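Engineer: Take this structure, written in structure tokens, and hold onto it; I'll ask about it next.
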Amino acid sequence: MKGFQSMVFVKPPSFQGQAWHQDEVFIPTRDRSLVGAWVAIDDATVENGCLWVLPGSHRTGYLYPLRPHNRPDEFDAAPESYGFEDSGEVAVEMAAGSVLFFNGYLLHRSKPNRSETYRRTFVGHYLNAWSLLPWRQRQKPDDLNVAEIDCRRIVPVAGDDPYAWKGVESDVDYVYIRQRDRSRVG
């Protein structure tokens, strides 16, 4: 496994949640190896917008389609997954310092913070070291490629870069997308 992405979510009072989604849609490993580690920095409660999950929704390996949710008071601007029954959702309340690990196919969301306190979390995403993420450049500025919505740079943070022989792009204002080296395909 390799660490791929880390995020801190700071949800102040009255802040929206995130609509139903599957992390694998945004980080498409193709080998179903994506794992999220959701760490509660503060107590996560129903009132302050804890995580909600659909237990077992990861088992089919099906990625649900996305659509705009049209509920900006309830959820942030990210689209929502749809086409499933969510009556079995479960709130995952957690004490500060607790960790929830979940598969990239698990349907999950968070609701708005209706409390007077912040809800902060750290989320790390991990995947098989051999996963080939199909990130590609947009052809036109308004093209949507869900795998690169926020154009993150991928930087090894520990150990040697196993792809150092491919070189790096030094232009910090450009996200470098390595072309596939067909001579190394076996």
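Rule-based calculations on the coordinates, nothing more; no lab input. As the structure is a computational prediction, the values presented were derived from the model and not from experiment. Every residue, glycine as well, gets a Cβ built from its backbone with ideal geometry; the counts of neighbours run over all protein chains shown.
Engineer: Where Lys and Arg each count +1 and Asp and Glu each count -1, what net charge lies around Gly88 among other residues with Cβ under 14 Å from its Cβ? Each step should come with its number before you reach the end.
Structural biologist: On the way: positive: Arg59, Arg109; negative: Glu85, Asp86, Glu89.
Net of charged neighbours comes to -1.
Engineer: Shifting gears a bit: What is the local net charge at Arg32, summed over the other residues whose Cβ is closer than 11 Å to its Cβ (Lys, Arg +1; Asp, Glu -1)?
Structural biologist: Counting the neighbours of Arg32, the net charge comes to 0.
Engineer: I'd like the Karplus ³J(HN,Hα) series for segment 46-56: coefficients 6.51, -1.76, 1.60, θ = phi - 60°, whole numbers in Hz, and an x wherever there's a Gly or Pro.
Structural biologist: These are the phi-based 3J(HN,Hα) values: 4, 5, 9, x, 5, 6, 10, 10, 9, x, x Hz.
Engineer: Sorting Leu100, Leu63, Leu34 on the 10 Å Cβ count, fewest up front, what's the list?
Structural biologist: Neighbour counts put them in this order, fewest first: Leu63, Leu100, Leu34.
Engineer: If neighbour count is taken as other Cβ atoms inside 10 Å, put Trp52, Trp130 in order from fewest to most.
Structural biologist: Lowest count first: Trp130, Trp52.
Engineer: Relative contact order for segment 12-134 using alpha-carbon pairs under 8 Å, separation at least 6, rounded to a whole percent?
Structural biologist: For segment 12-134, the relative contact order is 51 percent.
Engineer: Output the peptides 123-129, 22-28 sorted from most to least packed, where packing is the average of other Cβ atoms within 10 Å over each peptide's residues.
Structural biologist: Final packing ranking: 22-28, 123-129.
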